[in-house]
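One structure is given below, encoded as structure tokens.
Nothing in this text is a laboratory measurement; each read-out follows from the coordinates by a stated rule. What you see is a predicted model, and the numbers here were worked out from it, not measured in a lab. When we count neighbours, we look across all protein chains shown, and the Cβ atoms used for this are built from the backbone with ideal geometry, even at glycine.
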Amino acid sequence: MIETHDLSKQFHDFMAVDGVNLSVDAGQILALLGQNGAGKTTTVRMLTALLNPTRGWARVAGYDVVKNGHDVRSSVGVLTEQHGLYMRMTAIEYLDYFGQIYNIAPSARKSRSEHLLEYFGLTEAAKRRIGEYSKGMRQKLALARAMMHDPGVLLLDEPTSAMDPESARLVRDEIARLKSSQRTIVICSHNLTEVEALADKIAIIYRGRILLQGTLEELKKNVLGLPEYEVKFTDTWDSSRLELPEGVEILSRTATSLKVRVERPQASNPMILNALSRGSASVMAFQEEARTLEQVYLKVMAEAKGRENVQ
């Protein structure tokens, strides 16, 4: 549904996006992570055929973003950082207006608008001017507009910013539901916990270049190394004679705990538990040490900045 090769954009002597290669299938969510100014928004604008690439190419829903710009824009729903809401309109007028732009029939526009307003909890405010809305309500209306024409591709820039926890959860649930209906979704977000919960693939961008991309587990393995596990015992237990399978390294041990690094957890962890059981160890807990997307992101960014300082 989304494919790019060497996608690049230069403004005068500033290279905003430099050689981005992406591939996102139907039913997948890709998260773009990076600092403000890293090139995320410029990338999204090229994917929506609002900016032409300086170099490389991109296809969205099978359409070339340069040759078939109209078809691309008809196939995507976009939530931008600046929503472009018309403050003197009511919400129902606003959605109906965009439904007309997408050539949706009047009866379908009405039912679609009512459904989206109800889903996002805006039905009671549907006839109020948008200028009277709170920031969170405006965010929800902008997302409803992005979904008005039921697009196959959604490009969302900070979809839950300014929302209260309940509304943010509603939007996250909707994004997950949309993924299950084979939509392709690209999210630009600074909310790493949200990305961890939603994204199938993650790409970290720095100064217009992708530093790393892959699944969360791939990123953890590549950046943080092999997973580590801690075993806790209810009583003191001598683990010095414990026979561990190949690919398991002991990191530390005490009378009541054992910490190991495991090369192949799926194969080795059952063997570790069997060995503990044979040794009559009283195991209280066997759990993986927490390894988060935040740890991955901070380490990748620190290394990138460190390379710049050396140069």
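Laid out as a table, the results:
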| quantity | calculated |
| --- | --- |
| Fewest-first ranking of 98, 11, using other Cβ atoms within 10 Å as the exposure measure | 11, 98 |
| For the chain, built as a Gaussian network whose Cα springs stay under 10 Å, the top-fluctuating residue of 200, 150, 164 | 164 |
| From phi via Karplus (6.51, -1.76, 1.60), per-residue ³J(HN,Hα) for region 214-231 in Hz, x at Gly/Pro | x, 6, 4, 5, 5, 5, 4, 5, 5, 9, 9, x, 5, x, 10, 10, 10, 9 |
| Length added when fully stretched, residue 197-residue 115, from 0.36 nm per residue minus Cα-Cα | 26.9 nm |
| Percent antiparallel among DSSP beta bridges (both partners in region 2-215, rounded to 5) | 55 |
| Separation in nanometres of the label points that stand 7 Å from Cα toward Cβ, at residue 307 and residue 50 | 3.0 |
| The chain: most fluctuating residue of 91, 26, 290 per GNM, C-alpha cutoff 10 Å | 290 |
| Magnitude of the charge dipole, region 5-66, Cβ model with Lys/Arg +1 and Asp/Glu -1, debye to 20 | 120 |
| Residue-by-residue Karplus 3J(HN,Hα) for region 22-38, coefficients 6.51, -1.76, 1.60, Hz, glycine and proline x | 9, 8, 10, 8, 4, x, 10, 10, 10, 9, 9, 10, x, 5, 4, x, 6 |
| Alpha carbon convex hull of the chain, volume per residue in cubic angstrom | 178 |
| Residues whose placed amide H lies under 5 Å from that of residue 183, excluding near-sequence neighbours | 27 |
| Residue-count net charge about residue 32 - beta-carbon cut-off 12 Å; Lys, Arg +1, Asp, Glu -1 | 0 |
| Cα centroid separation - region 1-72 against region 242-258, whole Å | 47 |
| Angle in degrees between helix 265-278 and the longest Cα principal axis of the chain, rounded to the nearest 10 | 30 |
| In nm, spacing of pseudo-spin labels at residue 235 and residue 162 (7 Å Cα→C-beta vector) | 6.2 |
| Under the Karplus curve 6.51 cos²θ - 1.76 cosθ + 1.60, θ = phi - 60°, whole-Hz ³J(HN,Hα) for region 187-203, x wherever Gly or Pro sits | 10, 9, 8, 9, 8, 5, 5, 5, 4, 4, 6, 9, 7, 7, 9, 10, 10 |
| Only Lys, Arg (+1) and Asp, Glu (-1) charged, at Cβ; region 2-215 dipole about Cα centre in debye | 380 |
